[in-house]
Amino acid sequence: MEFRSARFAVVAAAALLPVLGSGQPAQASHATTTTTPRYTVIDLGALRGGDASVAFAVNNAGVVVGDSTVSPFVEHGFRWAGGVLTDLGTTPGGGFSRARAINDAGQIAGSSGRPTSTFSYPVRWSAAGVIQDLGGPFDNALGFATGIDPAGRVVGGQRPASSSGNPLATLYEIDGTRVDLGTDLGPANGINARGQVVGPPAYVWRDGTTTFLPGVPGGFGGDARAINVAGTVVGSVTTSAATVAARWQGGVLSVLGTVDSLPVSQANAVNAAGQIVGTAATEDCVPCPAASRAWLWEAGSITPLDDLIPAGSGWTLQQANGINDRGQIVGAGQHNGRAHAYLLTPTFSVTVNFQPAGARIPAGYRADTGAAFGPRGGGLTFGWNVDNSANARDRNAAGSPDQRYDTLNHLQKPGGATRWEIAVPDGRYLVHVVAGDPSNTDSTFRITVEGRLAVSGTPNAGRRWLEGTVSVTVTDGRLTVGNGTGAANNKVNYIDVIGR
């Protein structure tokens, strides 16, 4: 079995659904059901010998990981890519495995049994599928892994070196070295590209410093489940009457509410654009009842995912566990009577990285190398008002969180471009823009999208990148990015455009 906090355990049950908190949260309204589906849905199936599956994470390349039964009482971790479901196997001789997180390099974090023990231990799979036991030499030091950063550092929970007590927050370095984060910290749930680690009781840990996040006044604290690269944290908070989904942005708590008057709600993941996914249910549950609902929160509204997929699909989406920066969502639900993992893909989304020709392209992104507006293949048309290729940069700086933050193009060079556009169908879009430079801070960023200010501020040595997300409506077939009033030496790193 896998040892975790009782409230948020995931166990080998037929439906493979996670435990949520308990209580009676305040009511929250949700967006009106749309008549035009926003997502296509794919049934990821189950591994041979099994009939149930659940997906927990998806990277920007659209590769999904999760668990599937392989017999009535045994589950294995899986990887799904391009329609192919692969059994990740176990440590040699181990009885089971679970996959919980994947980075853009294709490395996977999770847990597995051992031939000498029926308990779980943290593991990491390489992109080639080679499994590494991170748990150390002692069978009583039970543990699991739940998150992985772009470099391959893994976080989770493990019993202390004394092999006694409950699992504590743990980080495993690239070489497998174990780092205990603190005896007052519960098992870590996630890690971002900046090395910030989150877990219960609603903490953020980085480089030996822990910050505890606020709960509801008079409540019982919270649980931090995930953190994006900008530092937005999501999870849940509990009062005497409620456990409800929550977001912490800049350390400030916002309660997200629930859907369909369900009394329990938990946020499980957040992407760079600030979209949040989670699950609402009627009670603590393993497995959760059919009344549980997967939901999406964005731009101030929370919506059941069932309202955003094609009518008559045969799906009831019961939990949402992961979301990538392209807006793809994974989780589990009932599909024509089977408890299966799913992948939702927006009917329109495009992610573009601004970079010189020849620079490494981030997973899941299209490269813009500075060419003037025109066809770019794959049915996409985008580019600058004049050729801007001479102003693209690849800094190769050690301090960049990932490649998207290391490359850029200029919006205000003399004789260079001042406007970037992409052809899109008329409609509503959520647009996330990042501006910055790992090597210089001599700018004042003011970037507009469809005339709305999306990024605004002045970088400094401690804050080299600024970002923002706006909701816009396109009526002329082109989404336009430009310079706002007061901009100086404006630069753009990458953009995520997700249809609403």
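The values are calculated or read from the model by the stated rules, or taken from the named source; none is laboratory data. Quick caveat, the model's predicted, so the values are computed rather than measured. Glycine gets a Cβ as well: all are built from the backbone with ideal geometry, and neighbour counts include every protein chain shown.
Of all the listed residues (Ser126, Ser117, Ser163, Ser111), the sole one being hydroxyl-bearing (Ser, Thr, Tyr), under 23 Å from the mean Cα position of the chain (by Cα) and surrounded by fewer than 21 Cβ atoms within 10 Å (Cβ to Cβ) is Ser126.
Where in region 146-249 are the strands (runs of 3 or more DSSP E), entirely inside, with at least 3 residues that are farther than 26 Å from Thr469 by Cβ? In region 146-249, the matching strands (runs of 3 or more DSSP E) lie at 154-158, 168-172, 178-180, 209-212. Remark: pairs (first residue in region 293-313, within 15 Å of Ser265 (Cα to Cα); second residue among the polar types (S, T, N, Q); Cβ separation under 7 Å; 6+ apart in sequence or on different chains) = Arg293/Gln318; Ala294/Thr279; Ala294/Gln318; Ala294/Gln319; Trp295/Thr303; Leu296/Gln275; Leu296/Thr303. Of all the listed residues (Ala339, Ala367), the sole one being part of a strand (DSSP E or B), on the phi < 0 side of the Ramachandran plot and in contact with a Leu (Cβ under 9 Å, 6 or more places away or on another chain) is Ala339.
For region 418-472, a residue qualifies if it is basic (Lys, Arg) and under 27 Å from Arg500 (Cα atoms), and the qualifying residues are Arg419, Arg428, Arg446, Arg452. Taking residues in region 156-176 that are assigned by TED's automatic domain parsing to the domain that holds Leu134, and partners anywhere that are in a strand (DSSP E or B) and basic (Lys, Arg), the pairs with Cβ atoms closer than 7 Å and at least 6 places apart or on different chains are Thr170/Arg178; Tyr172/Arg178.
Residues of region 342-364 that are part of a strand (DSSP E or B) and either under 30 Å from Asp387 (Cβ atoms) or in contact with a Lys or Arg (Cβ under 7 Å, 6 or more places away or on another chain) (or both): Pro346, Ser349, Val350, Thr351, Val352, Asn353, Phe354.
Results for (1) surrounded by fewer than 20 Cβ atoms within 10 Å (Cβ to Cβ); (2) closer than 20 Å to Gly66 by Cα, shown as yes or no for each residue.
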{"position": "Glu298", "(1), (2)": "no, no"}
{"position": "Pro310", "(1), (2)": "yes, no"}
{"position": "Leu317", "(1), (2)": "no, yes"}
{"position": "Gln334", "(1), (2)": "yes, yes"}
{"position": "Gly337", "(1), (2)": "yes, yes"}
{"position": "Thr345", "(1), (2)": "yes, yes"}
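In the set (1) without any contact (Cβ under 8 Å) to a residue 24 or more places away in the chain; (2) on the phi < 0 side of the Ramachandran plot, the condition left unmet by Gly379 is number (2). Taken over region 385-412, the residue count meeting the criterion of being touching a residue at least 12 places away in the same chain (Cβ under 8 Å) and either on the phi > 0 side of the Ramachandran plot or among the acidic types (Asp, Glu) (or both) is 4. Exactly one residue among Gly484, Gly462, Gly427 is at positive phi, in the same structural domain as Asp402 (by TED's automatic domain parsing) and not basic (Lys, Arg), and that residue is Gly427. Consider Tyr203 carefully, then state whether it is crowded, with 16+ Cβ neighbours inside 10 Å and either free of Cβ contacts under 8 Å to residues at least 40 places away in the same chain or more than 22 Å from the chain's Cα centre (by Cα) (or both). Criteria met by Tyr203. Just one of the numbered conditions (1) under 22 Å from the mean Cα position of the chain (by Cα); (2) in contact (Cβ under 8 Å) with a residue 60 or more places away in the chain is not true of Val74: (1). Pairing residues of region 136-150 that are touching a residue at least 60 places away in the same chain (Cβ under 8 Å) and aliphatic (A, V, I, L, M) with residues that are surrounded by 21 or more Cβ atoms within 10 Å (Cβ to Cβ) and assigned to a loop (DSSP other than H, G, I, E, B), at Cβ distances under 6 Å and at least 6 apart in sequence or on separate chains, gives Leu142/Arg159. Counting only residues that are surrounded by fewer than 17 Cβ atoms within 10 Å (Cβ to Cβ) and under 17 Å from Thr86 (Cα atoms), region 129-141 holds 2 of them. Note on region 223-274: among residues that are hydrophobic (A, V, I, L, M, F, W, C) and over 27 Å from Val434 (Cα atoms), the one that is surrounded by the fewest Cβ atoms within 10 Å (Cβ to Cβ) is Ala241.
Pairing each residue of region 81-94 that is assigned by TED's automatic domain parsing to the domain that holds Thr69 with any residue that is part of a loop (DSSP other than H, G, I, E, B), provided the two are 6+ apart or on different chains, yields C-beta distances under 6 Å for Ala81/Val63; Asp87/Leu47; Gly93/Pro115.
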